[in-house]
1. Would you confirm whether any residue within region 111-134 is of a type in the set (Gly, Ala, Ser), within 18 Å of the chain's Cα centre (by Cα) and surrounded by fewer than 23 Cβ atoms within 10 Å (Cβ to Cβ)?
2. Is one or more of the residues making up region 93-111 farther than 27 Å from LYS288 by Cβ and either charged (D, E, K, R) or in contact with a Lys or Arg (Cβ under 6 Å, 6 or more places away or on another chain) (or both)?
3. For region 13-58: of the residues being out of contact with any Lys or Arg (no Cβ under 6 Å at 6 or more places or on another chain) and of a type in the set (Val, Ile, Thr), which is nearest to LYS272 (Cα to Cα)?
4. Restricting the search to region 176-186, which residues are closer than 13 Å to HIS146 by Cα and part of a helix (DSSP H, G or I)?
5. If I filter region 196-211 down to residues being part of a loop (DSSP other than H, G, I, E, B) and touching a strand residue (DSSP E or B) at 6+ places or on another chain (Cβ under 8 Å), which single residue comes out as surrounded by the fewest Cβ atoms within 10 Å (Cβ to Cβ)?
6. Can you find a residue that is small (Gly, Ala, Ser) and surrounded by fewer than 19 Cβ atoms within 10 Å (Cβ to Cβ) anywhere in region 141-153?
7. For TYR97, all conditions in the list (1) in contact with a helix residue (DSSP H, G or I) (Cβ under 9 Å, 6 or more places away or on another chain); (2) in contact (Cβ under 8 Å) with a residue 60 or more places away in the chain hold save one; what is the number of the exception?
Amino acid sequence: MKAVLMEGFGGVEVMKIGEAEKPAPKEGQVLLKVHATTVNRPDLVQRMGNYPPPAGDSEILGLEVSGVIEELGAGVSGWKVGDRVMTLVGGGSYAEYAVGYASHLMPIPASMSFEEAACVCESYITAFLNIFMVGGLKDNNTVIIHGGGGGVNMAGVQLCKALVPNTKIIVTSAPDKIDRVKGMGVDLVINFRETPDFTEVVKEFTAKKGVDVILDHVGAKYLAPNMNSLGYAGRLVIIGVMSGIKAELNLALMMVKRQQIIGSVLRSRPVKDKGDIVAEFTRTALPKFADRTIIPIIEKVFTLDEVVEAHRMMEEDRHFGKIVIKVA
């Protein structure tokens, strides 16, 4: 099959289009004909050699698939060849075929294209897991979502507006994306270049109460302002460490305010855990895609042959929402 291969680790130049062996589904898996996939930040980190796939998963890049079931593995029921589906994969979606676990599949609503469906699993499930299932966000809460414009962060905004419409949403954003973030109907946008310490802005907005949940992929640089911005019993959910892994923490403040810091990664979770997360997402959030309450935000659709340009777009932070790679 045609696939994106890597000649070692490094910059975009290590990626080449080549031929790889077509995978075969194991027990509990299905073989998928890939119609579309997306570029996610972990793909870039893996390409640099710093984020290997879980044991047993494909070394080929790519974390989500939209496509059609080509073959059922042993023990799979409830699905049939030809079904339009979308799914998380541990790796392998930058290719014409990929395997995924049947328990991780979701049906693609008739109202969605393959390109739109390709955007759902990694970004929206990551946002749903960490804001709602881990972070415990409820209606009438206040949430900070860092990094306006990124796929996970904009997915988080859309999910909050669809599932907890009375929640106040604060987003930190680069200046060139502020207007587009405001256009999504958030309550406050903070220019993180002008205001790297957003503590006072958040205190003013919340009348010193602080926020209930923070979704953060920045890491060390934001630890202090994040904790200062959390209210009593607030939860900081860290899903990335782009600015570093070490920072000082005021333990006394955390104890007095009963705050929680929670680290969370989706890719390395056990198969059953991922299946449970997908099931909850399917029940709670998927109907919002089917009725077009949530429409995935696509910056650009590339072909598989244009994978280098797609990675460059993400590296240079020129995207708003998702970067899609059309395979079939």
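1. no
2. Yes - at least one qualifying residue is present in region 93-111.
3. Across region 13-58, the extreme among qualifying residues is VAL30.
4. LYS177, ILE178, VAL181
5. That would be LYS209.
6. Checked against the condition, which is being small (Gly, Ala, Ser) and surrounded by fewer than 19 Cβ atoms within 10 Å (Cβ to Cβ), region 141-153 yields no hits at all.
7. Condition not satisfied by TYR97: (1).
One line per residue, one yes/no per condition, for (1) out of contact with any Gly (no Cβ under 9 Å at 6 or more places or on another chain); (2) under 22 Å from HIS319 (Cα atoms); (3) at pLDDT below 95:
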position	(1), (2), (3)
GLY8	no, no, no
GLN46	no, yes, no
GLY49	no, no, no
LEU63	no, yes, no
SER77	yes, no, no
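The values are calculated or read from the model by the stated rules, or taken from the named source; none is laboratory data. None of the values given here were measured: they were computed from a predicted structure. Glycine also receives a Cβ, built like all others from the backbone with ideal geometry; neighbour counts cover every protein chain displayed.
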